[in-house]
Amino acid sequence: MYFSWESIPYAKPPVGDLRFEDPQPFDQKWTQEFNATVKPQYCMQWFRDNGVHKLQGQEDCLTLSIYTPKPRGVKYPVVVFLHGGQFMMGGGSEFDPEPSMMVGRFVMVKVNYRLGPLGFLSTGDEILPGNYGLKDQLLALQWVKQNIAAFDGDANKILLLGHGAGGASAHLHMLRPDTVNIIKAAVSMSGVALNPWAIVANPRDNANRLAAAVNCTNNNDSLELKTCLKSRNATDVVNAVETLLNWGYNPMVPFGPVVEPPSAQNAFLTQQPEEIIKSDQFSHIPWLVSYTSHDGNFNAAELLRINPVTGTEYINELNKNWLDLAPQNLFLGQYSSDDRSFAQYLKDVYLGEETFSTKTYNKVEEMYTDVLVKNGVLKSMQLHSIYSKAPVYGYVYDIPSNFGIGYDLASREDISFGASHLDDLTLLLKPVFRNTTTPDEVVVSQRLVNLLGDFADFGGLSYGTCNFEKNTAAEANHLRLLWIEKESCQTIILDVN
């Protein structure tokens, strides 16, 4: 049905002296045929799973994969995909492009970028400014712009698609004024730059803790810390991530994007995202933003696992340590300077007098959805509708999959999780845990694929027979989103005063 080219290097291997440095364009010349049939390696990461061998991937990982429909004599629009995984894990190999390629609407490019401490460790100064993973993405986008015509892609019709951390990444790329010279439009699914986890507030603290874990003890000197970390085995550096977690994979983004000092060379981000939007100094391109009706399952579902020590669900333990765990796990410092009081406020609003238990799980999941995803999505849409000269659209996805990520994270199937994190993306790119799609899901998949194809090709935006409505500055306090259900779709208006 389509051609594929796997593991094409776009940057030099970020190893040795190039660890914790900006990516360098790949400049090797091949004298023989390059084997593009080998699936890409994951970037080295400490993975979130139920097993004990969590380390996977390798440092030499900066590659991209390209999938092209059979030639028809014209150039196809291009969708560049940035995977999610909390800036800590994941990779292009997790996702099979076949659902998108079945329709034959566009060329797809999947990008690998550095993750965790290797991609985002920062001391907050010019020595270790951070954001290496974002700079990898930027170099990959520049590679696509320059080379995609050789793969039947239209370099003037590039759409940037991201999910979760990839969605926040896509938004961060939009906040650069020069991105308009590379991409035509962007889609952020279940993640934006204004989500509380998208920008790490105190990167130096986590850098020092990780350095101490690998016996790099001179934390006051950034250059010595950097030199020491470069001398350590990459496996030791990445394994040290575990020392920064307090429960499960929480806080879920110990290393992620940071605001770099303006004096940093080739800085990717030097202001807070909200400041950039209000300054009008960003790329004014069409933007589609979305979340699922139960997006919070991605983190909350872990609470339903059984603690082997107590024999009961972990959620019950929140009754005694909510005020200690919630500020870090929900990044409440981004909402309030008094994060413990804000944690109590959230419990009062969502649970009232009830306790944390399996019976109140749905209320806890709603809290996680609002705090970690929904609130940031709506605020971002509102600000862009005011300050952007390009249209802003949104949708809420409310079609539960037959086996979503909630079941996987909770390790149980006796609870209905609703439309969870990834449920819409998995109909565009199939992950390894996804069961065979049902006939109904095939229809939804085709509609989502055509949605992307139209948006990339000529700027139109519809789902089946439903057209998206633009959000404007005149009505910025009342956002219009398309609510997508199994049998229907309709525009809803959300009051965001």
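Kindly provide the set of residues from region 412-433 that are open to solvent by 10 Å² or more (accessible area, probe 1.4 Å), within 18 Å of Thr360 (Cα to Cα) and either of a type outside the set (A, V, I, L, M) or not in a loop (DSSP other than H, G, I, E, B) (or both), ordered by number.
Hits for region 412-433 are Arg412, Glu413, Asp414, Ser416, Gly418.
Can you confirm whether Met88 is at pLDDT 95 or above, over 13 Å from the mean Cα position of the chain (by Cα), buried (at least 22 other Cβ atoms within 10 Å of the Cβ) and at negative phi? Step through it out loud before you land on a result.
On the way: at pLDDT 95 or above: yes; over 13 Å from the mean Cα position of the chain (by Cα): no; buried (at least 22 other Cβ atoms within 10 Å of the Cβ): yes; at negative phi: yes.
Answer is no for this residue.
Restricted to region 336-371, and to residues that are over 24 Å from the mean Cα position of the chain (by Cα) and of a type in the set (Asp, Glu), which residue is nearest to Glu313 (Cα to Cα)?
Only one residue tops the list, namely Glu354.
Answer yes or no as to whether Ala140 is assigned to a helix (DSSP H, G or I), without any contact (Cβ under 8 Å) to a residue 24 or more places away in the chain and either open to solvent by 10 Å² or more (accessible area, probe 1.4 Å) or in contact with a strand residue (DSSP E or B) (Cβ under 8 Å, 6 or more places away or on another chain) (or both).
On the way: assigned to a helix (DSSP H, G or I): yes; without any contact (Cβ under 8 Å) to a residue 24 or more places away in the chain: no; either open to solvent by 10 Å² or more (accessible area, probe 1.4 Å) or in contact with a strand residue (DSSP E or B) (Cβ under 8 Å, 6 or more places away or on another chain) (or both): yes.
No.
For region 177-209, how many residues meet the condition of being open to solvent by 40 Å² or more (accessible area, probe 1.4 Å) and in a loop (DSSP other than H, G, I, E, B)?
3
Got a sec? Which helices (runs of 4 or more DSSP H) wholly within region 219-318 have at least 3 residues that are open to solvent by 20 Å² or more (accessible area, probe 1.4 Å)?
On the way: elements: 222-231, 234-239, 273-279, 297-300.
In region 219-318, the matching helices (runs of 4 or more DSSP H) lie at 222-231, 234-239, 273-279.
Of all residues in region 71-112, count the ones that are out of contact with any Cys (no Cβ under 7 Å at 6 or more places or on another chain) and not in a strand (DSSP E or B).
Step one: list which residues in region 71-112 are out of contact with any Cys (no Cβ under 7 Å at 6 or more places or on another chain), which gives 71-90, 92-111.
From the residues that got through so far, the ones that are not in a strand (DSSP E or B) too are 71-75, 83-90, 92-94, 97-106.
The total comes to 26.
So which of Leu481, Leu448 is buried (at least 17 other Cβ atoms within 10 Å of the Cβ), under 13 Å from Tyr393 (Cα atoms) and modelled with pLDDT of 95 or more?
Exactly one residue qualifies, and that residue is Leu481.
One line per residue, one yes/no per condition, for (1) open to solvent by less than 80 Å² (accessible area, probe 1.4 Å); (2) more than 30 Å from Asn250 (Cα to Cα); (3) among the hydrophobic types (A, V, I, L, M, F, W, C):
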position: Phe3; (1), (2), (3): no, yes, yes
position: Tyr10; (1), (2), (3): yes, yes, no
position: Asp17; (1), (2), (3): no, yes, no
position: Phe20; (1), (2), (3): yes, no, yes
position: Trp30; (1), (2), (3): no, yes, yes
position: Glu33; (1), (2), (3): no, yes, no
position: Gln41; (1), (2), (3): no, no, no
position: Met44; (1), (2), (3): yes, no, yes
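Does Ser401 count as buried (at least 21 other Cβ atoms within 10 Å of the Cβ) and either in contact with an Asp or Glu (Cβ under 8 Å, 6 or more places away or on another chain) or within 30 Å of Ser279 (Cβ to Cβ) (or both)? Break it down into steps so the answer makes sense when it comes.
Details: buried (at least 21 other Cβ atoms within 10 Å of the Cβ): yes; either in contact with an Asp or Glu (Cβ under 8 Å, 6 or more places away or on another chain) or within 30 Å of Ser279 (Cβ to Cβ) (or both): yes.
Criteria met by Ser401.
Please enumerate the residues belonging to region 98-109 that are open to solvent by 10 Å² or more (accessible area, probe 1.4 Å) and within 17 Å of Glu6 (Cβ to Cβ). It would help to see each step written out before you state the result.
Going residue by residue through region 98-109, those that are open to solvent by 10 Å² or more (accessible area, probe 1.4 Å) are 98-99, 102-105.
Across region 98-109, the qualifying residue is only Glu98.
I'm told Glu365 meets every condition in (1) under 16 Å from Asn195 (Cβ atoms); (2) touching a strand residue (DSSP E or B) at 6+ places or on another chain (Cβ under 7 Å) except one. Can you identify the failing condition by its number?
(1)
How many residues, within region 398-411, are assigned to a helix (DSSP H, G or I) and under 23 Å from Lys110 (Cα atoms)? Can you show your working first?
To start, the set of residues in region 398-411 that are assigned to a helix (DSSP H, G or I) comprises 405-410.
Then keep just the ones that are under 23 Å from Lys110 (Cα atoms); that gives 405.
Going through region 398-411 one residue at a time, the tally reaches 1.
Select, from Asp22, Asp27, the only residue that is over 29 Å from Ser411 (Cβ atoms), assigned to a loop (DSSP other than H, G, I, E, B), of a type in the set (Asp, Glu) and at pLDDT below 95. Before you say what the answer is, go through the steps one by one.
Numbers: Asp22 fails: at pLDDT below 95.
On inspection, the qualifying residue turns out to be Asp27.
I'm trying to understand the selection: among the residues of region 319-342, which are on the phi < 0 side of the Ramachandran plot, open to solvent by less than 40 Å² (accessible area, probe 1.4 Å) and not in a helix (DSSP H, G or I)?
Step one: list which residues in region 319-342 are on the phi < 0 side of the Ramachandran plot, which gives 319-330, 332-342.
In the following step, the residues that additionally are open to solvent by less than 40 Å² (accessible area, probe 1.4 Å) were identified as 321-322, 325-327, 329-330, 332, 336.
Leu330, Ser336, listed by residue number.
Any residue at all in region 442-449 that is touching a Phe, Trp or Tyr at 6+ places or on another chain (Cβ under 8 Å) and free of Cβ contacts under 8 Å to residues at least 40 places away in the same chain? If you could, list the steps in order and put the result at the bottom.
Filtering region 442-449 for residues touching a Phe, Trp or Tyr at 6+ places or on another chain (Cβ under 8 Å) gives 447-448.
With free of Cβ contacts under 8 Å to residues at least 40 places away in the same chain added as a condition, the list becomes 447-448.
Scanning region 442-449 turns up at least one residue that is touching a Phe, Trp or Tyr at 6+ places or on another chain (Cβ under 8 Å) and free of Cβ contacts under 8 Å to residues at least 40 places away in the same chain.
Looking for something in contact (Cβ under 8 Å) with a residue 24 or more places away in the chain, on the phi < 0 side of the Ramachandran plot and assigned to a loop (DSSP other than H, G, I, E, B) - is there at least one such residue anywhere in region 356-370?
yes
The values are calculated or read from the model by the stated rules, or taken from the named source; none is laboratory data. Quick caveat, the model's predicted, so the values are computed rather than measured. Every residue, glycine as well, gets a Cβ built from its backbone with ideal geometry; the counts of neighbours run over all protein chains shown. In case anyone asks, the SASA skips ligands and DNA or RNA and just uses the protein heavy atoms, side chains included. Shrake-Rupley method; radii C 1.70, N 1.55, O 1.52, S 1.80 Å.
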